[in-house]
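Novice: Below: one structure in structure tokens.
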Amino acid sequence: MRLPAPRRIGLAFAVFYLLTGCSLPDAGVSVEGDLKLLYAPFPLNNPPRYWHYAERPAKLDTGEQSKANSLYWEDIDGRIALAMRPAIDSFELGRRTNIAVLASPYLSFDWLMNASARPGDTELILGFRAQSHGDWGESDLGAGKPPVDHVIRLPIGGDMTGIKEWQRDYFDLSALHRRYWPDTDTIDVRLVWIGIAATRDQGADVAGVTYLSHILLSR
């Protein structure tokens with residue numbers, strides 16, 4: 001399924017497991033209630049709390065060899081961005097959250113592609129869970145990739161013809177969820193996983209690099 005959105009980003013979805021969630025402790029939430037993700041680099045071979053490799057790239061060395069990896073950090077136009085080369089190897093790097101979509105429903109992120117990259121080489125993976133299934137508390141985050149009820153996959157990128165600047169896309173998470181699961185009461189729905197992955201069904205150019213920065217959840 002495809003959903004019209006800024007920069008012609010599409011939407012596909014899958015349905016998976018069950019569980020629940022509440023608010024996220026110690027999550028780097030700003031005084032405005034925003035949750036900032038991917039605003040600063042971190043060691044890819046030792047991600048910080050709540051981050052996890054669902055599929056770890058084969059090579060995670062640093063320095064001169066970093067650009068031979070599927071994931072590495074690069075300074076682009078004065079900002080440190082996550083560079084993704086899905087043709088090198090498959091990957092899914094993600095972060096647990098536990099956010100009510102009605103409380104912080106707006107997702108934004110910045111992206112840039114080089115001349116060899118194509119829209120949808122990489123995706124943002126959003127995992128949702130309904131609070132009504134079970135009885136979870138703030139300390140029940142656990143480790144690794146969480147079970148979820150629903151998954152939304154947002155292809156990253158768009159038409160860059162004549163454009164060389166960073167682009168920003170916005171999504172209303174509660175509206176996305178209601179569109180495909182209208183029978184689920186959104187008041188119960190939590191966003192429990194934000195992942196970055198290579199697209200499963202599209203071969204990427206070996207020289208294609210998509211850059212991602214400034215993932216933000218806000219009210």
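Novice: Do you know which residues across the stretch 175-219 are closer than 18 Å to Arg96 by Cβ, in contact with a helix residue (DSSP H, G or I) (Cβ under 8 Å, 6 or more places away or on another chain) and among the β-branched types (Val, Ile, Thr)?
Specialist: Hit for the stretch 175-219 is Val189, nothing else.
Novice: Another question, then. How many residues are aliphatic (A, V, I, L, M) and open to solvent by 10 Å² or more (accessible area, probe 1.4 Å) if we restrict to the stretch 190-201?
Specialist: Counting residues in the stretch 190-201 that are aliphatic (A, V, I, L, M) and open to solvent by 10 Å² or more (accessible area, probe 1.4 Å) gives 1.
Novice: Kindly provide the set of residues from the stretch 166-204 that are in contact with a Lys or Arg (Cβ under 8 Å, 6 or more places away or on another chain) and acidic (Asp, Glu), ordered by number.
Specialist: Listed by number, the list holds a single entry, Asp169.
Novice: Between residues in the stretch 115-129 that are β-branched (Val, Ile, Thr) and residues that are in a loop (DSSP other than H, G, I, E, B), which pairs lie under 6 Å by C-beta distance while being six or more apart or on different chains?
Specialist: The qualifying pairs are Thr122/Pro86.
Novice: Identify all residues within the stretch 159-174 that are open to solvent by 40 Å² or more (accessible area, probe 1.4 Å) and farther than 22 Å from Leu82 by Cβ; write none if there are none.
Specialist: Listed by number, the residues that qualify are Thr161, Gly162, Asp172.
Novice: A further question on this structure: Here are some residues: Ile215, Ile152, Ile187. Which one is hydrophobic (A, V, I, L, M, F, W, C), outside any loop (DSSP other than H, G, I, E, B) and exposed (fewer than 14 other Cβ atoms within 10 Å of the Cβ)?
Specialist: So the residue among Ile215, Ile152, Ile187 that is hydrophobic (A, V, I, L, M, F, W, C), outside any loop (DSSP other than H, G, I, E, B) and exposed (fewer than 14 other Cβ atoms within 10 Å of the Cβ) is Ile187.
Novice: Suppose we keep only residues that are more than 16 Å from Ile152 (Cα to Cα) and of a type in the set (A, V, I, L, M, F, W, C) within the stretch 91-115. Which one would you say is surrounded by the most Cβ atoms within 10 Å (Cβ to Cβ)?
Specialist: Here the residue is Trp111.
The values are calculated or read from the model by the stated rules, or taken from the named source; none is laboratory data. Just so it is clear, the model here is predicted, and its values are computed rather than measured. Quick reminder, even Gly has a Cβ in these numbers, built from the backbone with ideal geometry, and neighbours come from all protein chains shown. We work out accessible area using only protein heavy atoms, side chains counted, and drop any ligands, DNA or RNA first. Shrake-Rupley method; radii C 1.70, N 1.55, O 1.52, S 1.80 Å.
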